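Q: Quick one: this structure, given as structure tokens, is what I'll be asking you about.
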Amino acid sequence: MSAMRGLFRSRAVPDEDIGAIAQDASIYARWDGGETEQDAHIEQEYRGYIARKIAFMIVFAVLSFIAGGLVITYGDYPLDFFEVYGIIWDHILHGPPEDPIEFLKDHVVWSLRLPRVLVALIAGFGFAVAGAVMQSTLKNPMADSYTTGVSSGAAFGATVSIVAGFTLFGSGVGILVNAFVFSLVPTFLIVVVSRMRNMSSTSMILAGLAVMYIFNALTSALKLIADPDALASLYRWQVGSLNNMLWADVPVMLAVTAAGSIAIMFLSRRINLLASGDESAKSLGVDANRLRIVCLVTVSLITASIVSFTGTIGFVGLVSPHIARIFIGSDNRYLIPASAFFGAFLLLISDFIGRAAFAPTVLEVGVVTAFIGGPLFLYLIIRQRKEVWT
């Protein structure tokens, strides 16, 4: 290992990157200690190792772009794939057209279908980033974006608004604001308790479960006094849906998800160090508990900004990192963005399946992701090697 460090230090690879590489690159298990004969060969394999990771991200970014165009063509008003992107490009450059027929096409693409596609991509991207970060920082394969109780807090906030009629800000956006604010309450409680007790990653997970059960109990109590119409509205919100998405729903989700994801990527090398244990991370100058709290708050903000608009969409944040990890490994510099692009593609396709499978009836996307994610996750549990996590 010291010889390997010497070689890669000469290639300007930091210690934390070497640790991440050693986790999931079998080529280094064959290192025999030489520093002259195998230098060129190992450097070539290292470049191939990086290229495979980048290729995975590019493939799913391109697939998401293509799938977005294909999804927009689907509907009562049929459109051509290339026509869709032509309409979008013309609208960006020139605004809505004056010709009535072209205006109708522009309205269908730009105002009705494109916002839904963008929300699906942003939500899938954000959920997957959050899931990958939670699994890596808490070192638990069952962790996801909802581990801290964000979804239960959001559900309680929405229930208070729908059933009790109490909103924190205005009637038009009452559900959104309630869901967003209450979704951050569990995170706040966990941060406060963790600062008081210096909690481990396992304790944070247990604290998240405890808070989740408390909010679930409060939500259930409110449901008992709700009228049938309120219960129906609450069910549609809780199951997770991308119906009726508008351009007004995009900016907040996009801004918070983009800012949070960029912040996480700056921390990805430090997150890699947590794989070797808290003491090892501390010896390299990283406060593990503080890093977990920072990641926890960032992930909660990303998740809250999405859930408040879409409701609770499950399994994307849980399954996406596992699938990406099979191809990418555990290096968070690549795992996080790879999970994000796969998650965006997965949620977009799931929403399309929900719309097309039983047309004209629409199956909510939260139900579809559960149908897809449940069996897929069970398959991964059976097939996945333990070495991916050790």
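The values are calculated or read from the model by the stated rules, or taken from the named source; none is laboratory data. Since the structure is predicted, the reported quantities are computational estimates derived from the model, not experimental observations. Please note: Cβ atoms are built from the backbone with ideal geometry, for glycine as well, and neighbour counts cover all protein chains shown.
Q: Could you check region 62-111 and list, in sequence order, the residues that are hydroxyl-bearing (Ser, Thr, Tyr) and over 30 Å from Ala338 (Cα atoms)?
A: Result: Tyr77, single match.
Q: Give region 234-269 a look and list any residue that's among the hydroxyl-bearing types (Ser, Thr, Tyr) and not in a loop (DSSP other than H, G, I, E, B), or say none.
A: Let us first name the residues in region 234-269 that are among the hydroxyl-bearing types (Ser, Thr, Tyr), namely 235, 241, 257, 261, 268.
Those that are among the hydroxyl-bearing types (Ser, Thr, Tyr) and not in a loop (DSSP other than H, G, I, E, B): Tyr235, Thr257, Ser261, Ser268.
Q: Now, a different point. Does region 219-233 contain at least one residue that is assigned to a helix (DSSP H, G or I) and within 30 Å of Tyr334 (Cα to Cα)?
A: Among the residues of region 219-233, not one is assigned to a helix (DSSP H, G or I) and within 30 Å of Tyr334 (Cα to Cα), which makes the answer no.
Q: Ok, one more. With the structure loaded, tell me whether Gly311 is surrounded by fewer than 18 Cβ atoms within 10 Å (Cβ to Cβ) and on the phi > 0 side of the Ramachandran plot or whether it fails that test. Before the answer, list the steps.
A: Details: surrounded by fewer than 18 Cβ atoms within 10 Å (Cβ to Cβ): no; on the phi > 0 side of the Ramachandran plot: yes.
No; evaluated as a whole, the condition is false for this residue.
Q: If we scan region 193-206, do we find a residue that is on the phi > 0 side of the Ramachandran plot and crowded, with 20+ Cβ neighbours inside 10 Å?
A: No, every residue in region 193-206 fails to be on the phi > 0 side of the Ramachandran plot and crowded, with 20+ Cβ neighbours inside 10 Å.
Q: Pairs needed: first member in region 99-117, under 17 Å from Phe81 (Cβ atoms) and crowded, with 19+ Cβ neighbours inside 10 Å; second member anywhere, small (Gly, Ala, Ser) and modelled with pLDDT of 90 or more; C-beta distance under 8 Å; at least 6 residues apart or different chains.
A: Val117/Gly68
Q: Given the options Val286, Val319, name the one that is of a type in the set (Val, Ile, Thr) and either assigned to a helix (DSSP H, G or I) or closer than 23 Å to Pro186 by Cα (or both).
A: Val319
Q: Any residue at all in region 281-297 that is in contact with a Pro (Cβ under 6 Å, 6 or more places away or on another chain), modelled with pLDDT of 85 or more and surrounded by 18 or more Cβ atoms within 10 Å (Cβ to Cβ)?
A: No: zero hits.
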